[in-house]
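Just below is one structure, and these are the notes that go with it.
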Amino acid sequence: MAAIALAGVVALAGCASIPRDPDGTLERITGGELRVGASPAAGLVEVDGADVSGPLADVVERFAEEHDARAVWTVGSEEDLVYDIEQGTLDMAIGGMTAATPWTVSVGVTRGYPQLGSGAAPIVMFVPLGENGFLSALETFLDGEVSQ
């Protein structure tokens with residue numbers, strides 16, 4: 001009986017950091033850099049040279065600040081940004097991506113947030129596949145942002 005109780009304690013101890021980030025994204029960005037890809041999308045993400053702005057960029061900047069991180073921007077097409085996330089050179093991507101995105105086999109996708117966009121289609125953000133701790137932190141932040 002004691003062996004079963006000990007096994008239960010050991011199993012629970014291993015669950016302390018669920019959801020997990022196998023590549024440590026949330027831990028790495030905290031106090032560091034949040035590498036963000038931006039795909040221009042009218043009314044959501046504006047790009048002027050190296051400057052990225054707009055409502056989605058503002059949300060990302062606030063998320064970075066919450067984690068004592070600095071957002072470092074890369075501009076590209078959705079396809080290029082998905083590739084960069086797959087290669088591990090970006091932590092997330094924003095743009096006009098919606099909940100109907102075909103990229104779900106390549107990247108993690110947040111829940112859809114209709115309040116982030118100006119249309120009826122819920123807006124999503126991309127993250128690396130499997131980085132569930134990071135995804136959970138981002139969605140928790142977004143839930144707070146859209147409820148304001």
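The values are calculated or read from the model by the stated rules, or taken from the named source; none is laboratory data. Because the structure is predicted, anything quoted here is derived from the model rather than measured. Every residue, glycine among them, receives a Cβ derived from its backbone with ideal geometry; neighbour counts consider all protein chains shown.
Before moving on, here are some points about what is shown:
- Among (1) modelled with pLDDT of 95 or more; (2) touching a Pro at 6+ places or on another chain (Cβ under 6 Å); (3) within 19 Å of residue 136 (Cβ to Cβ), the one test that residue 99 misses: (1)
- Filtered by the rule that a residue be of a type in the set (A, V, I, L, M, F, W, C) and surrounded by fewer than 19 Cβ atoms within 10 Å (Cβ to Cβ), segment 42-72 gives 42, 47, 50, 72.
- Filter pass, residue 77 being within 12 Å of residue 126 (Cβ to Cβ), surrounded by fewer than 18 Cβ atoms within 10 Å (Cβ to Cβ) and hydroxyl-bearing (Ser, Thr, Tyr): no
- Taking the criterion of being under 22 Å from residue 19 (Cβ atoms), out of contact with any strand residue (DSSP E or B) (no Cβ under 8 Å at 6 or more places or on another chain) and assigned to a loop (DSSP other than H, G, I, E, B), the residues of segment 100-135 that qualify are 106, 111.
- Filter result for residue 72 (in a strand (DSSP E or B) and closer than 17 Å to residue 117 by Cα): no
- Lone unmet requirement of (1) surrounded by fewer than 14 Cβ atoms within 10 Å (Cβ to Cβ); (2) under 14 Å from residue 127 (Cβ atoms); (3) touching a residue at least 12 places away in the same chain (Cβ under 8 Å) for residue 104: (3)
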